[in-house]
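Before any comments, here is the structure.
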Amino acid sequence: MADRCSDLFLAGIVVMAGAPTWLGVGLAVLTLLLEGTRSTAQAAGMTGPGTVTVWERPSRVILAVIASVWAAAAWWWGLSDDATRTWLTVIAGIGVLLAATGLIQLLVAVARQTRDRPA
């Protein structure tokens with residue numbers, strides 16, 4: 001439960017830095033889907049984490065740090081709110097793409113492992 005809360009906090013950091021809320025929600029939902037799929041597959045007998053995806057915790061932390069540093073730098077340099085929001089939208093969009101890619105990677109790994117298991 002604490003891990004999932006920290007995942008939501010990382011998505012919240014990106015939104016608090018200035019990314020659109022809908023992208024933050026997408027980031028949170030995809031992350032929770034990925035981790036929920038992993039834990040359900042492990043409970044069903046999948047060995048190990050299934051696969052290491054592009055959207056593991058280090059990637060999530062790095063994205064939150066990049067968003068935070070960018071927001072602070074934009075404030076320091078006196079960039080307009082529109083320019084800051086544009087870049088944070090790009091950063092959050094990259095996160096959503098990575099999260100979707102990671103979910104697909106995990107679903108493929110789960111399908112491979114569970115297909116070979118006897119019923």
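Taking Cα extents along the principal axes in Å as the quantity of interest, determine which of (i) 40, 30, 27; (ii) 61, 24, 21; (iii) 57, 27, 20 was computed from the displayed structure.
Checking each listed value against the structure points to (ii).
Using mean Cβ contacts within 10 Å as the protection proxy, how do 104-111, 91-98 order, highest first?
91-98, 104-111
Tell me, what % of the accessible area of the chain is carbon and sulfur with a 1.4 angstrom probe?
Carbon with sulfur: 72 percent of the solvent-accessible area.
Output the 0 to 90 degree angle, nearest 10, between the alpha-carbon long axis of helix 57-77 and the longest principal axis computed from the alpha carbons of the chain.
10 degrees
With viscosity set to 1.002 mPa s at 20 °C, what whole-number translational diffusion coefficient in µm²/s follows for segment 1-47 from Stokes-Einstein and a Kirkwood radius over Cα pairs?
Once the numbers are plugged in, D ends up at 189 µm²/s.
Once the other residues with Cβ under 12 Å from the Cβ of Trp55 are scored (Lys, Arg +1; Asp, Glu -1), what is the net sum?
0
Averaged per residue, what accessible area in Å² does the chain show with a 1.4 Å probe, protein chains only?
I get 59 Å² per residue for this part.
Going by alpha carbons, how many degrees (0 to 90, nearest 10) lie between the helix axis of 2-17 and the longest principal axis of the chain?
30 degrees
The values are calculated or read from the model by the stated rules, or taken from the named source; none is laboratory data. Values in this document were obtained by computation on a predicted structure and should not be read as measured data. Note that each Cβ is placed from the backbone with ideal geometry, even for glycine, and that neighbours are counted across all protein chains shown. Heavy atoms of the whole protein, side chains included, go into the accessibility calculation; ligands, DNA and RNA do not. Shrake-Rupley method; radii C 1.70, N 1.55, O 1.52, S 1.80 Å.
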